[in-house]
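*Asks:* The structure is given below, and queries will be raised subsequently.
The values are calculated or read from the model by the stated rules, or taken from the named source; none is laboratory data. Being a predicted model, the structure only gives us computed values, none of them experimental. Virtual Cβ from ideal backbone geometry, glycine too; neighbours counted across all protein chains shown. Only protein heavy atoms, including side chains, enter the accessible area calculation; ligands, DNA and RNA are left aside. Shrake-Rupley method; radii C 1.70, N 1.55, O 1.52, S 1.80 Å.
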Amino acid sequence: QATGGSFAVLFLPYAMDFDNDPTYRERSDQLVGALRSWGTAGGYGVLDLRRELKSEGARELFLDTMHFSLAGHKAVAHATREWLLSSGFIPAIAIR
């Protein structure tokens with residue numbers, strides 16, 4: 001903070017986040033809710049990548065239940081970049 005930096009948290013989902021298991025979904029929602037609550041209290045941003053990755057065809061983004069494939073890493077990088085720019089965490093001139 002002393003040098004102008006900001007703190008941000010990314011929620012990186014597992015493949016199970018896309019299985020339509022209501023119990024698992026509820027637990028993930030509770031975790032993301034807590035992260036957002038802490039972010040509001042602490043003055044930092046939280047990005048939940050479930051929606052962005054679901055639109056990418058989620059199952060193809062994982063090598064297994066928790067490790068991203070090359071396509072998964074690219075999708076995470078793209079969504080993170082867009083969020084960092086749109087939220088003002090990083091000025092557009094800093095990313096080329």
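*Asks:* Through the Karplus equation 6.51 cos²θ - 1.76 cosθ + 1.60, θ set to phi - 60°, convert the phi angles of the range 12-19 into ³J(HN,Hα) values in whole Hz; use x for Gly and Pro.
*Replies:* So the J values, rounded to whole Hz, are 9, x, 9, 4, 5, 5, 10, 8.
*Asks:* Give me a comma-separated list of calculated 3J(HN,Hα) values for the range 58-64, in order, Karplus coefficients 6.51, -1.76, 1.60 applied at θ = phi - 60°, integers in Hz, x for any Gly or Pro.
*Replies:* Once θ is set to phi - 60°, the couplings for the range 58-64 become 3, 4, 6, 8, 10, 7, 8 Hz.
*Asks:* Cα gyration tensor of the chain, axes a ≥ b ≥ c as square roots of the eigenvalues: rounded (a/c below 1.5), prolate (a/b > b/c) or oblate?
*Replies:* Details: a/c = 2.75, a/b = 1.35, b/c = 2.04.
Verdict is oblate for the chain.
*Asks:* Quantify, in whole percent, the carbon and sulfur part of the accessible surface of the chain (1.4 Å probe; protein heavy atoms only).
*Replies:* Numbers: 3630 of 6540 Å².
Reported share for carbon and sulfur atoms: 56 percent.
*Asks:* Accessible area per residue for the chain in Å², computed with a 1.4 Å probe and the full protein assembly in place, what is it?
*Replies:* Working: 6540 Å² over 96 residues.
Counting only protein heavy atoms, the per-residue value for the chain is 68 Å².
*Asks:* Something else now. Taking the Cα centre of each part, how many Å lie between the range 1-26 and the range 42-96?
*Replies:* Computed from Cα coordinates, the inter-centre distance equals 10 Å.
*Asks:* What is the chain's relative contact order, in percent, from Cα pairs under 8 angstrom and six or more apart in sequence? Provide the component values of the computation, followed by the final result.
*Replies:* Working: 80 pairs, mean separation 28.0, N = 96.
The normalised contact order for the chain reaches 29 percent.
*Asks:* Counting only residues 5 or more places away or on other chains, whose amide H sits under 5 Å from the amide H of Phe62 once H atoms are built in the peptide plane?
*Replies:* Ser69
*Asks:* Right, next: Just to confirm the number: angle between the C-alpha axis of helix 70-86 and the first principal axis of the chain, 0 to 90 degrees, nearest 10?
*Replies:* It works out to around 40 degrees.
*Asks:* If you don't mind, there's one more thing I want to ask. Rounded to the nearest 0.05, what FRET efficiency do Ala92 and Glu60 give with R0 = 30 Å and r taken as the Cβ-Cβ distance? Could you check? Could you put the intermediate results ahead of the total?
*Replies:* Details: r = 30 Å, r/R0 = 0.99.
Given R0 = 30 Å and the Cβ-Cβ separation, E is 0.50.
*Asks:* Next question, about the same structure. Amide H of Val9 versus every other amide H placed in the peptide plane: which residues, excluding those fewer than 5 positions away on the same chain, fall under 5 Å?
*Replies:* Those qualifying (amide H under 5 Å, at least 5 residues apart or on another chain) are Gly45, Val46, Leu47.
*Asks:* May I pose another question? Modelled label-to-label distance, Lys74 and Val9, 7 Å Cα→beta-carbon offset: nm?
*Replies:* Those two pseudo-labels are separated by 3.1 nm.
*Asks:* Return one number: the angle in degrees, 0 to 90 and rounded to the nearest 10, between the long axis of the Cα atoms of helix 22-42 and the longest principal axis of the Cα atoms of the chain.
*Replies:* Helix 22-42 and the main axis of the chain meet at about 10 degrees.
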